[in-house]
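These notes concern the structure reproduced below.
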Amino acid sequence: MSSEGVSVTELAERLRVSQPYLSQLLGGDKSFTQASDDLIRRVAGFLYLPPVVCFVLAERLMPADFETCSYDDEFLSLERRAAFIAESTFALEAGVTKELLMAADARMLSLVLGMYEAMVGPGELVSRRERWSWLASRDT
C-alpha cells in the first residue's frame, strides 16, 4: 500500500473506517462480503471503478443478478452472448476472443456481459424481432 503512496492509515481515513478493520479486510481476516454497501461504494470510488465491479468482486452480486427476462432464448446462453461480444469492434480492438471469454469463470463472464450491456445498451443483445416490436410499440 505505502509503495503506491497511500498508507493503510491514510486509506482507512479516506474510506471512513478504522485502521484495524481495514487491515483485517486487506489481510483476509474479514471478508469483503460482510462489508457495508457504503464501504464497497467508497472502495470503488477510491479505485476509480464502477461500484458494480466491486460488488461482484466482493461476491455481493451474483451472475443471476445480471440476467433479465427480456432476452430471447438464443441469447440467454452465455456462450452465444460471449460470441456476440467477441465479434464486436470493442473486442476486436482489445484482442478479446470467444475462447478467452469462455475461459473466464461464470462470475467474471457475467461481469463482462453486464459491463458490455451497460456500455452499448441491452438492445444489442436482444433479438431483432423483440427490438422491432419494442420500437413499434414505442411509436404508437
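Read the figures in this text as sums done on the coordinates, not as results from a lab. Remember, it's a predicted structure, so these values are computed and weren't measured experimentally. Note that we place each Cβ from the backbone using ideal geometry, even for glycine, and neighbour counts take in every protein chain shown.
Quick check on packing: order 28-40, 6-18, 51-63 by the mean number of other C-beta atoms within 10 Å, highest mean leading.
51-63, 6-18, 28-40
Two decimals is fine: what is log10 I(q)/I(0) at q = 0.20 Å⁻¹ for region 2-57, from a Debye sum with one equal scatterer on every Cα and no solvent?
With no solvent term, the Cα-only Debye profile gives -0.72.
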